[in-house]
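The values are calculated or read from the model by the stated rules, or taken from the named source; none is laboratory data. All figures in this text were calculated on a predicted structure; none of them were measured in a lab. Don't worry about glycine lacking a Cβ; one is built from the backbone with ideal geometry, like all the others, and counts go over all protein chains shown. Please note that ligands, DNA and RNA were not included when accessible areas were found on the heavy atoms of the full protein model with its side chains. Shrake-Rupley method; radii C 1.70, N 1.55, O 1.52, S 1.80 Å.
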Amino acid sequence: MFTRQSSQLTFNLVNSTVFQRYVVPALLGASCAFGAAPLHAASNSELSGVKSEIGRQQQSLTSQQKKLNQLQNTLKSQELDIASIGRAIKESEQSLKETNESIKTLTSNVSILENEQEAQSAKLAELIQTYYVTRRAKSSSNILNNGVEEDRISQYFQHLAKERANTIEELEHVRKSLADNQRQLELQKNQITKLLSDQKAQQTKLTKAQNQRKATVGKIQKSISSDQVYLNELQRNETRLKAEIAKAAKKKCRANGRLSQAKRSPALATERQGSAQLWY
């Protein structure tokens with residue numbers, strides 16, 4: 001009597017809705033979980049490697065982008081420096097041009113003054129010579145026996161000689177002043193020329209450094225672009241591996257379910273047949 005009731009209870013439990021809906025799937029899920037792990041160990045290892053490579057690649061891209069930003073900021077600063085030195089060079093060239101023009105004008109003026117000074121000196125010499133020649137002539141003809149006449153002529157020549165001498169002295173003073181200015185301008189010209197040379201050398205140096213940094217920026221940008229393509233490929237592989245692992249796990253789970261169902265079906269049929277016979 002006990003055996004028959006036990007069999008009937010077992011039959012009812014196995015075929016109950018609760019058992020079929022909740023207990024069996026739980027058991028199958030546990031079986032899938034434990035059975036799938038060894039099967040997908042290689043895929044999980046590959047996925048772990050891809051994730052590690054993604055992290056390394058992202059770190060590399062961050063480092064390269066930081067270096068690129070620094071170089072671009074330096075380039076902007078250099079562009080400002082080059083523009084500034086360019087303006088300074090134009091100012092120096094203009095200053096040198098004006099100085100050369102001033103030197104040219106002064107040289108011309110000094111030359112004119114020297115010619116005028118020579119002309120005045122020649123006239124003075126001629127005046128003195130005329131005075132003495134005239135005095136000798138008058139003395140020989142006894143014209144200058146009159147003292148008043150002699151004094152008048154002497155004063156006249158002295159006045160002319162003094163005027164000529166004053167003019168020569170003024171011209172010499174102006175000439176020296178212009179010559180001094182000319183020397184100062186020559187000194188200024190040399191200073192501007194040296195400054196201009198230094199500025200152009202600095203401009204060349206800055207331009208060379210700028211071109212080198214531009215080349216480096218181009219290389220980094222190319223490297224970033226290439227590494228970004230590689231990172232995108234890694235991320236696609238990561239997504240693919242995750243999908244494959246999930247798909248394989250799901251497939252394994254369904255296979256385990258069918259296998260378990262196949263194993264249970266004969267035993268279940270036997271139990272049902274035995275229970276039916278006992279029932280009758």
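Observations on the model:
- Residue list for the stretch 217-235, filter: touching a residue at least 24 places away in the same chain (Cβ under 8 Å), open to solvent by 50 Å² or more (accessible area, probe 1.4 Å) and more than 30 Å from Ser48 (Cβ to Cβ): Gln221
- Among (1) at pLDDT 90 or above; (2) more than 30 Å from Lys66 (Cα to Cα); (3) of a type in the set (Val, Ile, Thr) - the single one Thr204 does not satisfy: (2)
- Scanning the stretch 153-179 for residues that are out of contact with any helix residue (DSSP H, G or I) (no Cβ under 6 Å at 6 or more places or on another chain) and open to solvent by 70 Å² or more (accessible area, probe 1.4 Å) turns up Gln155, Tyr156, Gln158, His159, Lys162, Glu163, Glu169, Glu170, His173, Lys176.
- Test: residue in the stretch 191-210 that is open to solvent by less than 60 Å² (accessible area, probe 1.4 Å), assigned to a helix (DSSP H, G or I) and under 15 Å from Asn100 (Cα atoms): yes
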